[in-house]
1. Give me the residue from the stretch 19-70 that is part of a loop (DSSP other than H, G, I, E, B) and of a type in the set (Ser, Thr, Tyr) and, out of that set, modelled with the highest pLDDT.
2. Check off (1) touching a strand residue (DSSP E or B) at 6+ places or on another chain (Cβ under 6 Å); (2) at pLDDT 95 or above; (3) not hydrophobic (A, V, I, L, M, F, W, C) for ASP362 and give me the number that stays unchecked.
3. What single numbered condition from (1) touching a strand residue (DSSP E or B) at 6+ places or on another chain (Cβ under 6 Å); (2) free of Cβ contacts under 8 Å to residues at least 60 places away in the same chain; (3) not in a strand (DSSP E or B) fails to hold for SER492?
4. Outside any loop (DSSP other than H, G, I, E, B), out of contact with any Phe, Trp or Tyr (no Cβ under 9 Å at 6 or more places or on another chain) and closer than 23 Å to GLN314 by Cβ - does that describe any residue in the stretch 375-383?
5. Could you list, in sequence order, all residues of the stretch 186-230 that are farther than 26 Å from ASP364 by Cα, among the acidic types (Asp, Glu) and in contact (Cβ under 8 Å) with a residue 24 or more places away in the chain?
6. Looking at the stretch 342-360 only, could you name the residues that are over 20 Å from LYS255 (Cα atoms), part of a loop (DSSP other than H, G, I, E, B) and in contact (Cβ under 8 Å) with a residue 24 or more places away in the chain?
7. Of all the residues that make up the stretch 292-310, how many are surrounded by 19 or more Cβ atoms within 10 Å (Cβ to Cβ) and either part of a helix (DSSP H, G or I) or hydrophobic (A, V, I, L, M, F, W, C) (or both)?
8. Which strands (runs of 3 or more DSSP E) does the stretch 193-235 wholly contain that include 3 or more residues that are at pLDDT below 95 and under 19 Å from PHE173 (Cβ atoms)?
Amino acid sequence: MRKYCLSLFTILCSLSSLTAQENYAIDQLPATLKSRATAVLRQEETTVDMKSPELVITTVKKAITVLNKNGDVHGALSIYYDKSRSVQRIKGSIYNAFGGLISKISMSNFSDESAVSNGTLYADNRIKSFSPVVQDYPYTIVYEVEIRDKQNLILPTWNPGEYPDMSTLQSKFTFLCQPGTKLRIREYNFKGKPEVIKTEKNDSYSWTAANIPARKAESFSPDPDTYNTAVRIAAEQFSFYGKKGSYSSWEELGKWEYHALIKDRQLLGAEVQNEIRTLVNGITDDRQKTRRLYEYMQKRTRYISVQIGIGGNQPISAAEVHRMAYGDCKGLVNYMQSILNVVNIPSMYCVVTAGNMKKSLDPDFASMDGNHIILCVPLKTDTIWLECTDQNSPFGHLGSFTDDRLVLACTAGGGKLLRTPVLTHEMNQQIRHSTLQISKDGSASGTLTTRFSGDQYDNYGELIQEPYTEQLKKLKEIYNIDNIIFKDFKLSQEKDVQPSMLESLKLEIPNYAAKASTRMYLILNAYNRSNTVPEANTRTLPVYINRGFTDEDEITYELPEEMELEFMPENRTLKTQFGSYDMTVIAKGRQLIYKRKRVLNSGTFPASSYEEFTSFMNKVVDYDRGKAVFKLKGS
């Protein structure tokens, strides 16, 4: 992965400390700030002093009152550092509910270990961590921290009220720089104006937030970045691990990244180039050439995270990736781009903020953002997007990890903001057919086939790489039906333009239909029942559906002579702005045919529509639990 711009809460992930003279008794806290809170940020003073592009000093003094066990996470402190960032000072104290001192904290109380996962081959970033062990609640923990950075391309972000379960009494953020320094400042959801003081010594900018209550989590909410307060700062003139530059736009930043971080790392030896040309010899279509070379790259490399050198933002060389047959997202994309260069197919190294929640780069604020790299190949009649870290990924398929968001393409001529393809609800399909024989004791057995595409293909993507025994275990979690038994399970991929996954299996469900006296009750939706959505008297945030989908189910129940149909659910149809639902039941001889189609639309809807949304979703839940009733002959 690419190391990316972290918020101040992540960089100094729970800093704190003020003076011993402060009164940290719990009775000094307003009741409004204790409501719904697991912790209270009592006071925070953060100062970022950019003395030069090669020296940025960040000091944080912060006091947090932890109200209960769930708030312990906010009392912990994690500080990330590497060759460019050093921890100069840490100290602190812990106080009881009455404000009495329990213990003091120093650097020696912190663990110090590698800050990378087992999937990382090598890295130079480390983490100092401390978690208080306090038996009695509430308690207050106070920290003072000083960190020095040798670069100013990535500067701390201020995020007061970042955590919904932590209220804020007061938080102040001050940025200092040399007089006349050119800055770009972006405020998000900040009410008020910063205090600006300019003297012969420095320019000072300060923001303050106070009395932010904790808030109740709301289902189907948008990305917190869209409503939380934040302030971001970028310096026009910068130094980054010894490399200097300047930028005020995405175009300038993308150009710098290409020339400073990428360009000189794309050379491949003559022997490798000859091998690449031989692979596409006789192929005239650039799309087919790209596919052949992408599959070549997939077969001979594997993903391993590499987080060293220039902040983890520069790829290892293409020649090194070819020699070692591994790389991280940066290295593999750079390698793939280098391969395409050999056959004169242009492509673009793209920085993206990856994750299931769609997060775009801010078009109005260029900064060193993003946590992942993908490749864009603009052909004459088509644009192909390549995910280079997955040896099993279909050609041209990005998936839900990077779909539908603005990304930065780094090119020799300058950066460009591009949007990745959208996975629509029509594309995110789950189409299922099943035939089940019901025995007179209520047990079910039969066959099931399901085709997954789009985002729903991604949900099954990891399963195909698991051993058969592990696949069967995970199937029981996916279907979550008591006593279900799977047999003859098969999972296959179809790597088309819109790839799909085909699942086929045989199954048994002992005692599926409930028997009571002379009747049997059969829930018709055997596999795909919806979950309830919590209702709310008040709703403050918009209703956000991150990604829509289409589910179609058809189940044919074959019934024994002993079961006589007495009742079946009515056909149902719902149509709303959020989606639709259609359900029909057809009795045909000794068969009962159940059909269901559910569509959920992606999008953002007003908070006032939440009642309509929950009504739609919960009606679907009710309809999904509809039962057919049978009278048992001879009982």
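1. Filtering the stretch 19-70 for residues that are part of a loop (DSSP other than H, G, I, E, B) and of a type in the set (Ser, Thr, Tyr), the one modelled with the highest pLDDT comes out as THR38.
2. (1)
3. Single failed check for SER492: (3).
4. no
5. GLU218
6. Those that are over 20 Å from LYS255 (Cα atoms), part of a loop (DSSP other than H, G, I, E, B) and in contact (Cβ under 8 Å) with a residue 24 or more places away in the chain: VAL343, ALA354, GLY355, ASN356, MET357, LYS358, LYS359.
7. Of all residues in the stretch 292-310, those surrounded by 19 or more Cβ atoms within 10 Å (Cβ to Cβ) come to 293-294, 297-298, 301, 305-307.
Retained after the next criterion (residues that are either part of a helix (DSSP H, G or I) or hydrophobic (A, V, I, L, M, F, W, C) (or both)): 293-294, 297-298, 306.
The number of residues fulfilling the criteria is 5.
8. Ranges flagged: none.
The values are calculated or read from the model by the stated rules, or taken from the named source; none is laboratory data. What you see is a predicted model; the values in this text were computed from it and never measured. Glycine also receives a Cβ, built like all others from the backbone with ideal geometry; neighbour counts cover every protein chain displayed.
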